[in-house]
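The values are calculated or read from the model by the stated rules, or taken from the named source; none is laboratory data. Keep in mind that what you see is a predicted model, and the values were worked out from it rather than measured. Every residue, glycine among them, receives a Cβ derived from its backbone with ideal geometry; neighbour counts consider all protein chains shown. What goes into the accessible areas is simple: the full protein's heavy atoms, side chains included, and nothing from ligands, DNA or RNA. Shrake-Rupley method; radii C 1.70, N 1.55, O 1.52, S 1.80 Å.
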Amino acid sequence: MEIDKQIVHTGPTLSFGPEHLKGVSSNHNDALVIRNMVANYDVARIFVDSGHAIRPVGLVNLPLTLGKSNARKTKIVSFIVLDTPSAYNAILGRPAMTTFMAVASALHKKMKFPVGNEVDEVQGDQVIARKCYVEEFRIEKKVARTNSVDRPGLCGMEKVNQIGDMSVYTKEECEEIMISPPFEMVKFFRTLEAQLNKPLLECLEKNKDVFEWSVVDLVGVHREVSEHKLNVIKDCHPIIQKKRHFGQKKDAVIKEQVDEFLRAGHIEEIHFPTWLYNIVLVPKSTGKWRMCVDFQDLNKACPRDCYPLPRIDQLVDSTSGHELLNFLEAYQGYHQIPLAKEERDEVSFVTSTGTYCYVVVPFGLKNVGATYQRLMDKVFKHQIGKKNI
């Protein structure tokens, strides 16, 4: 973000017309994101905004250059330094627009400004704008989860919170709809076009059997489809960690989650384990605790699986030109993949109520990301890369 006190009132007339829509995707609602020189550096993801709420932590004066190579305009602009996550590298607000006497058009995806007696312009990049939109959505949703509970979602719809906490979205933003059976509530954004509500709801009703509403509903993947193996290096000696003491309150939290995992079939009791690890309680954004296992020693004993993982920027770029973007969340995806039976002893942990081992893939284990990606590539083999599904 920037501020500048310089104001100039003279210059040629700036205008936009239908002829300036050439190269702009029709029926868009994209932000105006440009690429220009800042302090002699080529900076992408510059968001042109008319107003932005800020909490500055510093100030830096940098030369900002706008325009083409044969008609450039450079001004010293005071950029406010922000300590906040953002998909943008810089934000040009009203002070800079005034300094350059610039006028921006979100419709035409251009920003015009006078250079002497001529008018120059900067073209926005819709591909980068859409990529930034997706990243900003994820950042905002992560922050919003501070007052929410993690639940599975679909097509802009999120499972309604049923335990009293504030939901991610307000009632004004969403419409609650009951799916029956299993008589579960989902939410539709009110901004969603009316002609899309009916087919999306029909899709949910038709495929409601593939969605899981709780941990105990998880069926999992058949062992013949995917199975995770540790491949522990043979020369490594088994490690048994000394049990940690958490206190009465945290022990109650651990017991509750252990009982839930036992009911879901994710873990089972084990006797005479050769590898044994401690529980680690990680605070969630909701103020509650997530039970994890300290697998650091085991991870050091496992070789790396070099299966290639996808590049998120390429995935986002591939969505350019599509009107709708659909997100499917694999609820507790790792726990739906079985662990090799002969290796369960190596993922054992101890609590105040006993010793247990995982029968499915636990979080925090080395190479589980590669195993999961291999499964996704296998499941969606015939859909990956297709333009129309």
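Return the only residue of I91, I76 being surrounded by fewer than 19 Cβ atoms within 10 Å (Cβ to Cβ) and touching a strand residue (DSSP E or B) at 6+ places or on another chain (Cβ under 9 Å).
None of the other options fit; the residue is I76.
Out of all the residues in the stretch 284-292, is one or more polar (S, T, N, Q), closer than 15 Å to G354 by Cβ and open to solvent by less than 40 Å² (accessible area, probe 1.4 Å)?
Taking every residue of the stretch 284-292 in turn, none turns out to be polar (S, T, N, Q), closer than 15 Å to G354 by Cβ and open to solvent by less than 40 Å² (accessible area, probe 1.4 Å).
Residue by residue through the stretch 327-382, note down the ones that are among the hydroxyl-bearing types (S, T, Y) and over 30 Å from the mean Cα position of the chain (by Cα).
Those that are among the hydroxyl-bearing types (S, T, Y) and over 30 Å from the mean Cα position of the chain (by Cα): S348, T351, S352, T353, T355, Y356.
If I filter the stretch 296-309 down to residues being hydrophobic (A, V, I, L, M, F, W, C) and at pLDDT 90 or above, which single residue comes out as nearest to P273 (Cα to Cα)?
Here the answer is L298.
If the requirement is being at pLDDT 75 or above and under 23 Å from V134 (Cβ atoms), which of these qualifies: N89, N61?
Among N89, N61, only N89 is at pLDDT 75 or above and under 23 Å from V134 (Cβ atoms).
Taking the criterion of being crowded, with 19+ Cβ neighbours inside 10 Å, of a type in the set (A, V, I, L, M, F, W, C) and within 22 Å of the chain's Cα centre (by Cα), would at least one residue in the stretch 113-125 satisfy it?
no
Conditions: (1) open to solvent by 20 Å² or more (accessible area, probe 1.4 Å); (2) not in a strand (DSSP E or B). H335 meets all but one. Number of the miss?
Of (1) open to solvent by 20 Å² or more (accessible area, probe 1.4 Å); (2) not in a strand (DSSP E or B), only one is false for H335: (1).
Condition check ((1) out of contact with any His (no Cβ under 8 Å at 6 or more places or on another chain); (2) surrounded by 11 or more Cβ atoms within 10 Å (Cβ to Cβ); (3) not acidic (D, E)) across all residues:
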residue: L230; (1), (2), (3): yes, yes, yes
residue: C236; (1), (2), (3): yes, yes, yes
residue: K242; (1), (2), (3): yes, no, yes
residue: G247; (1), (2), (3): yes, no, yes
residue: D251; (1), (2), (3): yes, yes, no
residue: I254; (1), (2), (3): yes, yes, yes
residue: L262; (1), (2), (3): yes, yes, yes
residue: I267; (1), (2), (3): yes, yes, yes
residue: P273; (1), (2), (3): yes, yes, yes
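Residues of the stretch 94-112 being open to solvent by 60 Å² or more (accessible area, probe 1.4 Å) and among the charged types (D, E, K, R), which ones?
Within the stretch 94-112, just R94 meets the criteria.
Quick one: would you say K341 is loosely packed, with under 13 Cβ neighbours inside 10 Å and under 19 Å from P238 (Cα atoms)?
yes
Which of the residues belonging to the stretch 302-332 are among the aromatic types (F, W, Y) and surrounded by 18 or more Cβ atoms within 10 Å (Cβ to Cβ)?
Y331
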